1. Within a 10 angstrom radius of each residue's Cβ in B:250-257, how many Cβ atoms of other chains show up on average? Whole number is fine.
2. Project the alpha carbons of chain A onto their principal axes and report the range along each, largest first, in whole Å.
3. Taking chain B as a Gaussian network, Cα atoms linked when under 10 Å apart, which of B:Asn191, B:Asn222, B:Asn397 shows the biggest mean-square fluctuation?
4. Ranking B:His96, B:His71 by Cβ neighbours within 10 Å, fewest first, what do you get?
5. Please compute the Kirkwood hydrodynamic radius over the protein assembly as shown, one decimal place, Å, based on all pairs of different Cα atoms.
6. Between B:Phe31 and A:Gln106, how high is the FRET efficiency from 1/(1 + (r/R0)^6) when r is the Cβ-Cβ distance and R₀ = 51 Å? Nearest 0.05.
7. Check the straight Cα-Cα distances from A:Lys46 and name the lysines below 24 Å, setting aside those fewer than 8 residues away within the same chain.
8. Which values of log₁₀ I(q)/I(0), to two decimal places, follow from the Debye formula for the stretch B:284-342 at q = 0.16, 0.25, 0.30 Å⁻¹ with a uniform point scatterer at every Cα?
Amino acid sequence: MSPSRHILAAALAVALTAPLGPSAAIAAEAIAPPALSWSWSGPFGKFDRAQLQRGLRVYREVCQNCHGLTLVSFRNLAEPGGPGFTTAQAAAIAKEYKIKDGPNDQGEMFERDGRLADRFPAPWPNENAARAQHNGTVPPDLSVIAKARTYERGFPWFLIDIFTQYQEQGVDYLVALLKGYTDPPQGVELPPGTSYNTYFPGHAISMPPPLQDELVPYTDGAPQTIDQYAKDVAAFLAWAAEPHMEARKRIGFQVMIFLIVFAGLLYFTKKKVWADVHGHA
Amino acid sequence: MSGHSTYQPQSRFMQWFERRLPIVSFMHASFVAYPTPRNLNYWWTFGGILSLMLAIQIVTGIVLAMHYTPHVDHAFVSVETIMRDVNYGWLLRYLHANGASMFFLAAYIHMFRGMYYGSYKDPREVLWILGVILLFLMIATGFMGYVLPWGQMSFWAAKVITSLFGAIPVVGDSIVTWLWGGYSVGNPTLNRFYSLHYLLPFVIAGVVILHVWALHEVGQNNPTGVEPKSDKETVPFTPYATVKDSFLMVVFLILLAWFVFYLPNYLGHADNYIPANPLVTPAHIVPEWYYLPFYAILRAIPSKLGGVIALGASIVILAFLPWLDTSRVRSAAYRPLYRQFFWIFVLVCIGLGWLGAKPAEGGYVIAARFLTAWYFLHFLVILPILGLIEKPKPLPNSISEAVLREGVPIGAPAPAPSGTKH
Ligand code: HEM
């Protein structure tokens, strides 16, 4: 989305909501995150492998302390359309995790090294344990979080989005959320254990600001800033939520070409068949 | 359905078979020789499109069912497993989910077509009522299907909609308990919804057969609303309607593919990617877009019971349309006043759909009440009165004359049915 469209959207939003009074104030509370440009948006978009690898790193060094990713398997890391690890690299990552397995022949549960077929384990044994640690809230599993969050686009954007294929609301929200920590505005009393976040609904979030500059070392020269970390981990989570996206768009293009050619052939066949019938075809 | 067949079995075997089960000549009569008015426009292709969509839903649904687990603890993860680990599972699921939307889109266009051209009038009342039954079955099927992934919207939609039955006086609460299979929406609810969601599409398929049977008994209406007077005004179904229907089916598939491959979650709701949680109510409980007009009607009425009655009435009233419309002229092309009210009605339905997605507060409620009132007045007051006061334009004596009037010369007699070739 170009900046001029932003200005237009903002102007339109102001024009539309200005006369509504009190309900406009409530609407204004939910601030739309800025729409960023992503490598995988649009019909030919592809994930940026290096970005996904960096995002995995941020997830493993930061988010994983609190959040699970339990629908993603280690083998996915080496599958086409993903972060592009080799099978050996993915297996090495898996091996760094301890997986609870069993019962064995003695009837006992045991821990073993992770394998490619395993899924990322949750960082806590059950939700109550998570609640006890995190101010009474459960950090949500991040496997589909990029699809599970959105914000209202409003008229006419929701119609325009059909043509521009804009569907990265969830990812844009993630970035905005991770960067959205500020001091609370004057007079706002935060409940204990929460921080103020501009983009979180209700603003009082039980997740302490997870990122800071220089927190995660990068080896590929990418800037080690909150901004970059947030984008990388959001991109990684976009892939985690939709691991077959590249195949979907590729096949989609082939299907489109086929259908359009087929429709064209049928159209001319129809014209020919109906040529001897005058009047309305 | 029979009576049009010119089918002559050629081989000895087919002659032998025909005497024992005349299914080939029956199919031939229904889908090859069957005469269709020659002036049908593309709005008449949506019945075929609906049949295609039903087939797509059944095929993708059966394969999804092979991988889906109907249990509150596993349903959400099993759907995600389909998306991730089943070969082309993402394609199956996105086809099924977006296919449902496109099915409704086609059904609404199909119905508005019927309303515009007066296709519900004598002798097509039963055909129309079967259509209303199909709409009702589609609504039920779609609702129960939406519950199956057991996300937040699944759960809360199930809860809100089933709770509506609680508004029925005296027995309401017992009915809700009975529907749930317990004292809350839970595993028994999910199991029975799954069972019914698998069953109903086949009931729909059965009613579609009746619908098409009724259609072939009375013949198709056409844009003039004047019945064909002779063979010259019809063309055989194959190849004419077949090729025309196929063309628009493929165009419609392009639209479906656009959503499936490029915007697969556009028509859905983000909250449904959050696993169901009975303890957390979503900020806005919003149904799928195709139920929004009905949802707006439900919420427009201040009392719960009243809302439920209005919701039911908004669908049931369609079945009475053949008798509420008092005009003897079928097609809106010759009804200058009705044509305007038809388009107002279309806008009212779209407006209700928009309001259904908005929170039920302030100006939205007032607007929803106004449009709900208009929805019912359209059927109960406008249509009965229009038929009495409207002065229709002169009807053509025949389809051929109508075509002539529009300045297109009427040419050679319609080609002979292509029935003998096969
Ligand atoms: C499961 C969904 C449905 C299927 C598969 C279906 C199928 C068909 C087919 C194949 C035709 C003939 C082609 C055409 O005229 O477009 C037809 C005609 C018709 N349908 Fe449906 N239909 C469905 C739902 C409905 C609904 C919901 C209504 C209205 C309440 C309806 C009302 C009619 C009418 C009035 C005709 C005759 C139209 C005319 O000849 O002018 N149908 N349908």
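1. Other-chain Cβ atoms within 10 Å of each residue's Cβ, averaged: 5.
2. Principal extents (Cα only, largest first): 82, 60, 41 Å.
3. B:Asn397
4. Final ranking by Cβ density, sparse to dense: B:His71, B:His96.
5. Roughly 28.9 Å, rounded to one decimal.
6. After rounding, the FRET efficiency stands at 0.15.
7. Here the lysines satisfying the reach criterion relative to A:Lys46 are A:Lys147, A:Lys231, A:Lys249.
8. Scattering profile of the stretch B:284-342, log10 relative to I(0): -0.70, -0.98, -1.14.
A short reminder: the numbers here are calculations on the coordinates, not readings from a lab. Predicted model, so just to flag it, every value in this text is computed and none were measured. FYI the Cβ positions are ideal-geometry reconstructions off the backbone, even for glycines, and counts take in every protein chain you see.
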